[in-house]
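Shown next, in structure tokens, is the structure this report addresses.
The values are calculated or read from the model by the stated rules, or taken from the named source; none is laboratory data. Everything numeric in this text was worked out from a predicted model, so none of it was measured. We place every Cβ from the backbone using ideal geometry, glycine too, and count neighbours over all the protein chains shown. For accessibility, only protein heavy atoms count, side chains too; no ligands or nucleic acids. Shrake-Rupley method; radii C 1.70, N 1.55, O 1.52, S 1.80 Å.
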Amino acid sequence: MGVSSYFSMDYGQARERFVDASDEASAALTSYQCPSEGPDGEILTTDVAWHGNRDAEKVLVTISATHGAEGFCGSGVQIGWLKSGLYKEMPEGIALLQIHAINPHGFAWLRRVTEDNIDLNRNFVDHNAPYPQNTAYDELADVICPATWDDATIAETHKILRAYADRHGEKALQSAVSGGQYGHADGLFYGGNRITWSHKTLMEIFSEHLSKAKEVAVIDYHTGLGPRGHGERICCHNPEGKDLKRAKDWYNDDVTSPYLGTSSSVELNGVNVFGMEDNLKHADITAIALEYGTQSSPEVNLALRADNWLHLYGDLASAKGKDIKRQIRDAFYQDADDWKSDIWNRAVETQKLALQGLSES
């Protein structure tokens, strides 16, 4: 069975394959039902598979579909880890926790966001405190997410965004658009004004499954940023803390940090690592996002803007709507054997290094 067979065509197929593979591997399965439905009215769930001793003090956690449409990648790795039999090679004393489709709505609808248009990886802020400000997004909000979507609008807004980058720099534009914003509920990279269901569910999973853990490694699978097929290990731990140092040790210094300016990602507000750290104060946590490139950043950003317009103003059943959905799918999933092979090889290398790190810690 080739690597490409591990990857699914849609959320429904991915969920079925993951559940079946978990059953075959005699994993303990738990499902959490999302409050929204899929495009055909189907039930959506986050499915969690536990492999190993329930009292294990060392656990490897893998997460797929934090940004729903990016779920093809992480799901393929999770299914492949089981189908290939690699789960049988887990070192003694280490358990495996696979969290499949933590944002099932986004996965099923081919959206990066949750059912309430919230970017899950910007939602882990203190919702009882003043929200982080992103005045640059405020300035560009109507340009990033215009009310019309045609060739003329795309060209005009592109001109304005390029002018902003010329004045302030490419990183400033990237930060303005993707760093996270909390004032435009219908916009891109919206962190939300409350805890979204996927946030609550992730923390519930951590509490239920990791209460006895003392050493936890997390690999959260993402796509859409960086060179095509390259898996960047991005670490959002405090750059001055022991967790980032440990990650660098485990991954042979092949780790980047947005807060040190070494990553293709800019500094982000409200990432899920912050919630993990709060939830696992009793354990040492070493968390990374494994981020794979697909298309160029301008292509990915254009797809996100188009998808945002579609769900606000467009018709999903129209030819234009279907074209945009193909566009967003291609921006986060490359249905090509070479890309899938790159994803798989880097993932296996990374998960084995995480297991080695846990074993030696």
Task: Normalised convex hull volume, the range 214-361, alpha-carbon set, Å³ per residue - done: 126 Å³
- [ ] Please work out the C-alpha center-to-center distance from the range 1-47 to the range 74-121 and express it in whole Å.
- [x] 9 Å
Task: Cα radius of gyration and Dmax for the range 115-204 (Å) - done: 14.6, 46
Task: Loop-located trypsin sites (Lys or Arg not before Pro) in the range 109-214 whose Cβ has at most 13 other Cβ within 10 Å (DSSP) - done: Arg194
TODO: Can you pull a Stokes-Einstein diffusion coefficient for the range 296-361 at 37 °C (0.692 mPa s), Rh from Kirkwood over Cα pairs, as a whole number of µm²/s?
DONE: 229 µm²/s
TODO: Send over a whole-number figure in Å² for the accessible area per residue of the chain, probe 1.4 Å.
DONE: 41 Å²
Task: From the C-alpha gyration tensor of the range 49-116, square roots of 5λ in Å - done: 26, 13, 7
- [ ] Within the chain, what's the longest run with no GluC sites (Glu not before Pro) in a DSSP loop and at most 16 other beta-carbon atoms within 10 Å? Give the range, please.
- [x] 93-239
Task: Rg/Rh for the range 1-104, where both radii come from Cα atoms and Rh is the Kirkwood radius - done: 0.97
Open item on the list: Greater than 29 Å separation of Cα atoms is the criterion. Which listed pairs, Lys58/Lys83; Lys214/Lys352; Lys58/Lys325; Lys200/Lys322; Lys159/Lys322; Lys58/Lys171, meet it?
Closed with: Lys58/Lys325; Lys200/Lys322; Lys58/Lys171
Open item on the list: Let's see if you can work this out: charge +1 on each Lys and Arg Cβ, -1 on each Asp and Glu Cβ, no other charges. What is the dipole magnitude of the range 1-143 about its Cα centre, in debye to the nearest 20?
Closed with: 440 debye
Open item on the list: About the Cα centre, and with charges only on the beta carbon of Lys, Arg (+1) and Asp, Glu (-1), how big is the dipole of the range 99-227? Nearest 20 debye, please.
Closed with: 380 debye
TODO: Residues in the range 100-126, backbone N under 11 Å from the label point at Lys322 (7 Å along the Cα-to-beta-carbon vector): list them, ranges by number please.
DONE: none
Open item on the list: Given a 1.4 angstrom probe, I'd like the percentage of the accessible area of the range 1-121 that is carbon and sulfur, rounded to a whole number.
Closed with: 45 percent
- [ ] With a bin width of 5 angstrom, please list the P(r) values of the range 117-168 as percents of all Cα-Cα pairs, from the 0 bin to the one holding the largest distance.
- [x] 4, 15, 19, 19, 15, 14, 9, 3, 0
Task: Charge dipole (the range 75-180, unit charges on Cβ, about Cα centre) - positive-most of Leu140, Met90, Trp109 - done: Met90
Open item on the list: Please compute, over every Cα-Cα pair in the range 76-151, the percentage with a separation greater than 20 angstrom.
Closed with: 61 percent
Task: Karplus-derived 3J(HN,Hα), 6.51/-1.76/1.60, for each residue of the range 29-37, Hz, glycine and proline x - done: 9, 9, 10, 10, 7, 6, x, 9, 10
Open item on the list: I'd like the per residue volume of the convex hull spanned by the Cα atoms of the range 176-293, given in cubic angstrom.
Closed with: 116 Å³
Task: Qualifying chymotrypsin sites (Phe, Trp or Tyr not before Pro) for the range 49-113 [loop in DSSP, other Cβ within 10 Å: at most 14] - done: none
- [ ] Could you estimate the translational diffusion coefficient of the chain from the Stokes-Einstein equation, with Rh from the Kirkwood formula over C-alpha pairs, at 20 °C and 1.002 mPa s, in whole µm²/s?
- [x] 104 µm²/s
TODO: Lys and Arg at +1, Asp and Glu at -1: add these up for the other residues within a Cβ distance under 14 Å of Glu267 and post the number.
DONE: +2
